[in-house]
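Presented below is the structure to which this report refers.
What follows draws every value from the coordinates through simple rules; no lab data is involved. These numbers were taken from a predicted model, which means no experiment stands behind them. Don't worry about glycine lacking a Cβ; one is built from the backbone with ideal geometry, like all the others, and counts go over all protein chains shown.
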Amino acid sequence: MPNPHNELFASKPLEFFKQNSVVPPSDGGQTQVDLKTLWQDTTGVVKYTSTDKVTEATIPDGQRVVWVNFERMGKDRNEAEALTFKVSLTPKADWVPIHFLPWRSMKVVHTTIPEIDEKDLGHAGDTNPHLFFTAAINGCSVFVTGSPRNPAVYHAGIDGTLSLNAVDFWRDRLDEIFASSGMGSPSYKEVNKSDYVKDDQFLDPRTTETAKRYEDWLRSHHSGEFGIQEVKPWGCVFGIRYGRLWSFYLQENATISYLRIVRKKDVVKKDVHGKTVLFEKDTGANIETMNFKKKFGLLTRKHTLYASVHRTSRPMIVREFYPSGNAKITVSDEYRAV
């Protein structure tokens, strides 16, 4: 049976991203060739990693294209109920071919998408597809440079922390790549963590301007239905070729944690590892209890409020960052609502 997510992604990709939060995997299974060392830690600013060197890596030409199959993630995942995909290095029926750029800690991983000949437009899907993904981003920076006909894409990140400004750090590494390649100082467009996961202008270090506006909208749109606990932003980078020219986008997503009041008769108890845990009968969602006291004349009675705990993910906005960086694609309330 055909996968409807695959079909929508292949035929109407922007509509696909307006309807679904997407979190790519970290690895497409491709090998990577290290080119050179860009930086080595000499002052102990790298934490929790297995290496203290940043190297440039590239994807071999024969492994740029992979085939993907979308599936829905569970409610227990960090990006609850978002779409992700499996990756195959060989063609599979009904799977969608894409250009895929994986990720490795302490590496700047690079690929250059080849230009498509005009005669191949419309029928070069398996060798030069019109769709692109890079791996999941969680504080990473993604850079795009060069001509929209054959752009170069770089994915830079670390599995751990740096006692440095990460945005500036990865820009410096990219400048080293350009300088050592004799490219001078070409212009580039980028997505970094301040765009999708953490904006330092806010007191809350875990939010962005888009997420704050979205949280305000959720509270007003769903007022009285449930209580919002957290709106946690995250992002996804993808590309679409229109004719012979590429555009790259940031999809800004959020995972929403919220509580919904339930009746006591809809609460069931289960023994989990020797402890009594409460669940909602119909959904299986965990139940949290809130105790309060209420006065009735001279009497004070204790009341217990039961609330089911839910988590889900939604797209907030899709915006182009290369080549122009001006276009914003609005996500309708139908798909933003919880």
task: Return the distance in nm (one decimal) between the two label points of a simple spin-label model at Leu164 and Arg244, each offset 7 Å from Cα along Cα→Cβ.
output: 4.0
message: Just to confirm my numbers, what's the Cα centroid distance between region 296-338 and region 1-79 in Å?
response: 26
task: Hey, can you grab everything whose amide H is under 5 Å from the amide H of Thr207? Only 5+ residues off in sequence or another chain; H modelled, so Pro and N-termini drop out.
output: Asp199
- prompt: Given the convex hull of the Cα atoms of region 111-216, what is a quarter of its surface area in nm²?
  reply: 9.6
- prompt: Taking a quarter of the surface of the convex hull around the Cα atoms of the chain, what do you get in nm²?
  reply: 22.9
message: Which residues does the label zone of Ser223 cover in region 297-338, counting backbone N under 16 Å from a point 7 Å along Cα→Cβ?
response: none
field: Bins of 5 Å from zero: percent of alpha-carbon pairs in region 221-267
entry: 5, 15, 14, 14, 11, 11, 8, 8, 7, 4, 2, 1, 0
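Once the other residues with Cβ under 14 Å from the Cβ of Lys86 are scored (Lys, Arg +1; Asp, Glu -1), what is the net sum?
Numbers: positive: Arg72, Lys92; negative: Asp27, Glu71, Asp94.
It works out to a net charge of -1.
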- request: Go through region 57-69 residue by residue and turn each phi into a ³J(HN,Hα) via Karplus (6.51, -1.76, 1.60, θ = phi - 60°); whole Hz please, and just put x for glycine and proline.
  value: 10, 10, 8, x, 3, x, 10, 5, 9, 10, 10, 10, 9
query: Pairing the Cα long axis of helix 209-221 with the longest principal axis of the chain, what angle in degrees results, from 0 to 90 and rounded to the nearest 10?
result: 30
query: In sequence order, what are the phi-derived ³J(HN,Hα) couplings for region 94-110 according to the Karplus relation 6.51 cos²θ - 1.76 cosθ + 1.60 with θ = phi - 60°, rounded to whole Hz, with x for glycine and proline?
result: 6, 7, 9, x, 9, 7, 10, 10, x, 9, 9, 5, 6, 10, 9, 8, 10
message: For Met106, what residues show an amide H to amide H distance below 5 Å, using hydrogens built from the backbone and excluding near sequence neighbours?
response: Gly157, Ile158, Asp159
- request: Could you tell me which of the pairs Lys232/Lys264; Lys189/Lys328; Lys47/Lys107; Lys198/Lys232; Lys53/Lys189 are separated by over 18 angstrom between their Cα atoms in the structure shown?
  value: Lys232/Lys264; Lys53/Lys189
- request: Mind listing the long-range amide H neighbours of Val331? Cut-off is under 5 Å, sequence gap 5 or more, other chains count too, H placed in the peptide plane at 1.01 Å from N.
  value: Val318
Semi-axes of the equivalent ellipsoid for region 89-170, Cα gyration tensor, largest first, Å: 30, 16, 8
message: Just to be sure I understand the model, the point goes 7 Å from the Cα along the line to the Cβ. What's the resulting Gln63 to Met290 distance in nm?
response: 5.1
message: If you consider only alpha-carbon coordinates, what radius of gyration and Dmax does region 148-276 have, in Å?
response: 21.6, 71
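In region 78-130, how does Rg compare with the Kirkwood Rh, expressed as the Rg/Rh ratio over alpha carbon atoms? Walk me through the numbers on the way to the answer.
Details: Rg = 14.5 Å, Rh = 14.0 Å.
Rg divided by Rh gives 1.04.
Among residues other than Gly325 whose Cβ falls under 13 Å from its Cβ, what is the net charge (Lys/Arg +1, Asp/Glu -1)?
Details: positive: Lys189, Arg319, Lys328; negative: Glu190, Asp195, Glu320.
For residues surrounding Gly325, the net value is 0.
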message: Could you work out the pair-distance distribution P(r) of region 227-338 from its alpha-carbon pairs, with 10 angstrom bin width and percents rounded to whole numbers?
response: 12, 27, 23, 17, 13, 7, 2, 0
